[in-house]
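Notes follow once the structure below has been shown.
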Amino acid sequence: MKRTIYAFSTSLLLVAGFGPAPQALSSDVDFSGERIEWLVPFREGGGTDTWARFFAPRLSEALPGQPTLIIRNVPGGGSINGANQFDTRGKNNGQEIFGSTASTLFYAMLGDRRASYQPQDWVPVFATPTGGVLYLSSDLGIDSAAELAELGKQELIFPSLGPTSLDLVPLLAMEMLHLNVRPVFGMDRSAGRLAFERGEVNVDYQTSAPYLKNVTPLVEEGSAVPIMSWGVLGEDGSLQRDPSFPDLPHFAEVYEMIHGEAPQGQAFEVWKTFFIAGFAAQKMLFLQEGTPQEIVDTYRKAAIDISAQPDFQEQASVAIGDYDQILGDNVDTAFEMIFSLSEDDTQWIQNWLAENYDVKF
Amino acid sequence: MFDVIFAALGSLFSGPHLLYLGLGVLMGLCIGIFPGLGGIAGLSLLLPLLYGMDTISALAMLIGLVAVIPTSDTFTSVLMGIPGSSGSQATVLDGFPLAKKGQAARALSAAFTASLFGGLFGALVLTLFVLIARPIILAFGSAELFMLTLLGLSMVAGLAGKSLIKGLCACGLGLLFGTMGGAPATGEFRLSFDVDYLMDGIPLVVMGLGIFALPEIVDLLRRNTSISEATPLGGGWITGVRDMIRHKWLALRCAALGCIVGALPGLGGSVVDWIAYGHAVQTTKSKGGFGKGEIRGVIAPEASNNAKEGGAMIPTLLFGIPGSGSMAIFLGGMILIGLEPGPNMVSSNLDVTYTIIWSLALANVLGAGACLLLSGWVSRLTTIPYALMAPFMIMVICFAAFQATRSLGDLVALLAVGVLGIFLKRFGWPRPAFLIGFVLASGMENYLYQALQFNGWSFITKPGVLIIAVLLLVSVVIAVRQVARLSHQSDADAAVKGGQVSLKGRLPQVAFTLGIGAFFSYGLFDAFQVMPLARVFPAGISLTMLVLVGVMLVRQLRGKVSDPILQDMEQDENVALPVGFYHYLLWLTGLVLGCYLVGYVIAMTLFFVAFLLIRAHASLSSTLTLTACGMGFLTLLAHLMVLNLPSGLLQQVVDLPWPLG
């Protein structure tokens, strides 16, 4: 198994507090009077669209020449339509940009035949991370991750959108923890949360912002028990505790509690790759393949400038979450880790999905 | 609580907030009038403006727009038979026949008064209910929601018209169409024919326009008159207000229905108008008028679809779960201005919640008032010769359909569904039944699957399920009685008419029924290509429907002429029309083919010119003026909405400037 994932890990600076490397100023790029189209592969409203619309006016101000920046929504196929369109039609002059989310990359990584786009050729500008927390119903009588083994063969009913969605990450994680999970498909995260509140399911996860807003009250009233976060990626490429949930163990810690040893091997490496694409670098801004370096640098500098604005962090915490953006060259590192899956790894995850959930490729 | 309520009113009246509310209302009016755009397009136009606005102004503008769209979308539903948005599809059924009778102003003012009433009712319910809604919403689990979709489906019988079996077949066809695309349980693609477009299923907007609007356009063109058959226009707007006052209890019940359906996340706002319409039919003693211009058929859906917005706010604010497409964008807008919905909306952010409610009430008053003022004037549109209006109508519905996925596929789907709609109309298959089946299919399958996963078959014994089951039983009994009475009536009618339909005369409808049977057979075959969890629902429908289609075939071949199952408008009333059945279908096919070849803008321009010269016999100068107006408006709209109109083969070869390329 050839693996590039650790080759880049020494230079990883994905977590809070590590400033991006200073970049060369490129003065000859000017977007005055131009119109930049930001293609969002979803309908208006919803996570990816809101994320793009949060950044759009700021990016327009930060780019040289203050171009008009407009959002163009191309929905359909769970982001496949928009990604295909960007891949075939997008210009490489920096005037057509693309906002991706976890599923956009998942489809390509899993080899969905409808996804004809090649995201590994695109040029990333920056990425926005998120975290996720797994929680159980208090009816199960478990107080923390340390007691997970007591569940034994007890059935956990898990609301999920589908095995190839973002839920691949928790599904694979729970299997690695030997939990007896029965997923019920066709439910997005908010439907799942509602089902949890109704008592129809007894395990669920939420990404950080909705967790803090809507699940914390349930934890306080005693109906939900937080078990673990997925963690964040540390500078050495290992999993670290999520700074938003410092009291919760991350996935690798919980794995060690159950198995008595740190996670390693193909399953964990594959999980981690999907975790990076799904959470640690969930939303990414892309330029078209072959975009000149000075335009890429201009964009990357704009992203750095935006996140350095004094009120940015405060405004971002409501709209897009409380994590530091992945900026500068760090985004390359994250990007390369996402596309580090070997043929063998892809085969492995396809088999896993086919055996467990009858997914056809 | 009261001090918070009035403090919120005070802050809304201070500063420029009201101005922004008015601005939102104005935009909502303009967008709602344009069919197919609705709240989703409107809100997406507003989203870029939110950056840097203060919270209350931004909220007021968003709400102003959301609240007024279900009011103003009535214009095209009534005047042109084109559903203005998915929330006013049912309004078409009786609103448009009223316009044809020359009573457009009456229908419009009744609709707007009902909208106003519904909107205010929704705001009132929201005021009181938002504090205690949480446990009630949580009481509706998957099992209860499944039962509600069944209850909605039971309305089909009421809308089946003269022949129950035909109504059921139409509904089954809708259900099977509704299963197109990814199966909820397994994600497998059903009935997709390996076409990417069909993997998401046919969008509701396209369905509504194809099933209702296209057949009406073709029909009107063939008759070659204006929409209104009566001149001068009768039934002024005062009559409409009186109608609404006379049927106030119906409006109240429908507004309550609207609130409840809107408040339940997962049921979706697009069924509200149908449920209200079905309720109006079931509770009216003399049903003969429905579908032919019964004012109750206008009041019911309009009262409910405005009340729905108040209801839909509840899950949006309390759980951060949008109940409809426009609520999803509203939620995005809230997040962009720094408000995150959740339980805090009724504690620390209660003042924001009441600002929203006041804005909702005020926007409804402003919107309905403006629409009422416009109604008398706008209803004169119905006196224009239809051949002159038709290219605009076709441009508008193509543009609206194109909003669904913004690809050429939308236009192809529109044409295909339109052809289906034209045949359904010709052979008397009730189109409302088809659409209800289509709207409810995905919810039904999804909730049944979830209920079984969560509770097993014991979900049937849940108290909520039992209560809804009783309602369901009542609804079915009423409906069956009513169909029996109607078919009795038509028996008597036919006995008077007498005569025989020759086998040759029956052939077209028999062929159509056979075609539908073939589709169900394919549905059955297709169901066996996927895993059992994804198979049960489409296979069950297909099997049941094959039996019913078989019964229908026998009766169509053997039945007496009095059998209401026999209907072919081309044999009965349309024989004398100067233009053949397929004539305008060819025009439309030409247009879609043109879009494929040279792109939407060029093809539409050519269509305008050719149609106005050849079919409307317009002079060259007025043809060019009308074409310029139409295309100018279209490109302006596309520019504002940041749309790339569909391009064709030509654009792949040559690089043309926007908007041509």
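The numbers here are math on the coordinates, done by the rules we state, and not lab data. The model shown is predicted, which means the values in this text are computed figures rather than measured ones. Every residue, glycine as well, gets a Cβ built from its backbone with ideal geometry; the counts of neighbours run over all protein chains shown.
Of all GluC sites (Glu not before Pro) in the stretch A:247-315, which ones are in loop regions per DSSP and have a Cβ with at most 12 other Cβ atoms within 10 Å? Walk me through the intermediate numbers first.
Numbers: sites: A:Glu253, A:Glu256, A:Glu261, A:Glu269, A:Glu289, A:Glu294, A:Glu314; in loops: A:Glu261, A:Glu289.
Hits after loop and neighbour filter: A:Glu261.
Taking only DSSP H segments of four or more residues, each worth -39500 (n - 2.57), what value at 222 nm results for chain B once the sum is divided by all its residues, to the nearest 500 deg cm²/dmol?
Details: 29 runs with 467 residues, N = 661.
Result for chain B, helices only: -23500 deg cm²/dmol.
Give, in nm to one decimal, the length gained when the segment between B:Asp3 and B:Thr383 is fully stretched (0.36 nm per residue of separation minus the Cα-Cα distance). Intermediate values should be presented prior to the final figure.
On the way: separation 380, 0.36 × 380 = 136.80 nm, distance 5.22 nm.
Residue separation times 0.36 nm, minus the Cα-Cα distance, leaves 131.6 nm.
Distance in nm between label sites at B:Val561 and B:Arg223, each 7 Å beyond Cα in the beta-carbon direction?
Inter-label distance under the simple model: 2.5 nm.
Cross-link candidates for A:Lys213: which lysines have Cα within less than 29 Å, leaving aside residues fewer than 8 places away along the same chain?
The qualifying lysines are A:Lys272, A:Lys283, B:Lys308.
Can you figure out the FRET efficiency of B:Leu19 with B:Thr461, using R₀ = 56 Å and their beta-carbon distance, to the nearest 0.05?
Details: r = 56 Å, r/R0 = 0.99.
Once rounded, the FRET efficiency stands at 0.50.
Taking 0.36 nm per residue of sequence separation and subtracting the Cα-Cα distance, how much length would be gained by fully extending the chain between B:Leu585 and B:Ser286, in nm to one decimal? List each step's numbers first, then the result.
Working: separation 299, 0.36 × 299 = 107.64 nm, distance 3.65 nm.
Gain in length upon complete extension: 104.0 nm.
For A:71-82, what's the mean count of beta carbons from other chains sitting within 10 Å of each residue's beta carbon?
Numbers: counts 4, 5, 6, 5, 6, 10, 6, 4, 0, 3, 8, 1.
The shielding value for this peptide is 5.
Tell me whether the protein assembly as shown comes out rounded, prolate or oblate; compute the Cα gyration tensor, take square roots of the eigenvalues as a ≥ b ≥ c, and use a/c under 1.5 as the rounded threshold.
It is prolate, given that a/c is not under 1.5 and a/b is the larger ratio.
Restricting things to alpha carbons, find the Rg to Rh ratio for the stretch B:103-163 using the Kirkwood radius for Rh.
1.15
Using a 7 Å offset from Cα along Cα-Cβ at A:Glu61, what residues in the stretch A:278-319 end up with backbone N under 17 Å from the label point?
Zone members listed by number: A:301-319.
Going by Cα centres, the stretch B:505-522 and the stretch A:111-141 are how many Å apart?
If we compute the Cα centre of each part, the gap is 47 Å.
Round to the nearest 0.05 the FRET efficiency obtained for B:Asp351 and B:Val547 when R0 = 45 Å and r is the Cβ-Cβ distance.
Details: r = 59 Å, r/R0 = 1.31.
According to the calculation, E is roughly 0.15.
Going by a ≥ b ≥ c, the root eigenvalues of the Cα gyration tensor, does the stretch A:132-265 fall in the rounded group (a/c under 1.5), the prolate group (a/b larger than b/c) or the oblate group? Working shown, then result.
On the way: a/c = 1.36, a/b = 1.28, b/c = 1.06.
It is rounded, given that a/c, with a ≥ b ≥ c, falls under 1.5.
Can you list residues from other chains, or at least 5 along the same chain, whose modelled amide H is less than 5 Å from the amide H of B:Gly323?
Excluding prolines and chain starts, which carry no amide H, the hits are B:Thr316.
Measure off 7 Å from each Cα along the Cα-to-Cβ vector at B:Thr625 and B:Gln529, then give the distance between these two points in nanometres to one decimal.
5.4 nm
With a 10 Å Cβ neighbour count serving as the proxy for reagent exposure, in which order, fewest first, do B:Cys629, B:Cys169 appear? Before the final figure, lay out each step's value.
On the way: B:Cys629 12, B:Cys169 28.
With the sparsest Cβ surroundings first, the list reads B:Cys629, B:Cys169.
To the nearest 0.05, how large is the calculated FRET efficiency for A:Glu147 and B:Val477 if R₀ is 35 Å and r is the Cβ-Cβ distance?
Details: r = 54 Å, r/R0 = 1.54.
According to the calculation, E is roughly 0.05.
Determine the shielding of peptide A:37-45 by partner chains: average, over its residues, the number of Cβ atoms on other chains within 10 angstrom of each Cβ.
Details: counts 2, 1, 0, 0, 0, 0, 9, 12, 15.
Partner Cβ neighbours, averaged per residue: 4.
Per residue Cα convex hull volume for chain A, in cubic angstrom?
Numbers: hull volume 47.1 nm³, N = 361.
Per residue, the Cα convex hull of chain A comes to 131 Å³.
Take the alpha carbon atoms of the stretch A:229-300, find their center, do the same for the stretch B:458-475, and report the distance between the two centers in whole angstrom.
48 Å
Can you give the calculated 222 nm mean residue ellipticity of chain A, where each DSSP H run of n ≥ 4 adds -39,500 (n - 2.57) and the sum is split over every residue, rounded to the nearest 500 deg cm²/dmol? Before the final figure, lay out each step's value.
On the way: 12 runs with 127 residues, N = 361.
Helix contribution divided over all residues of chain A: -10500 deg cm²/dmol.
Run through every distinct alpha carbon pair of the stretch B:583-653 and return the Kirkwood hydrodynamic radius in angstroms, one decimal place.
Computed over Cα pairs of the stretch B:583-653, the Kirkwood hydrodynamic radius comes out at 12.8 Å.
If I model a spin label as a point 7 Å beyond the Cα along the Cα-Cβ vector, how far apart are those points for A:Glu155 and A:Arg114 in nm?
3.0 nm
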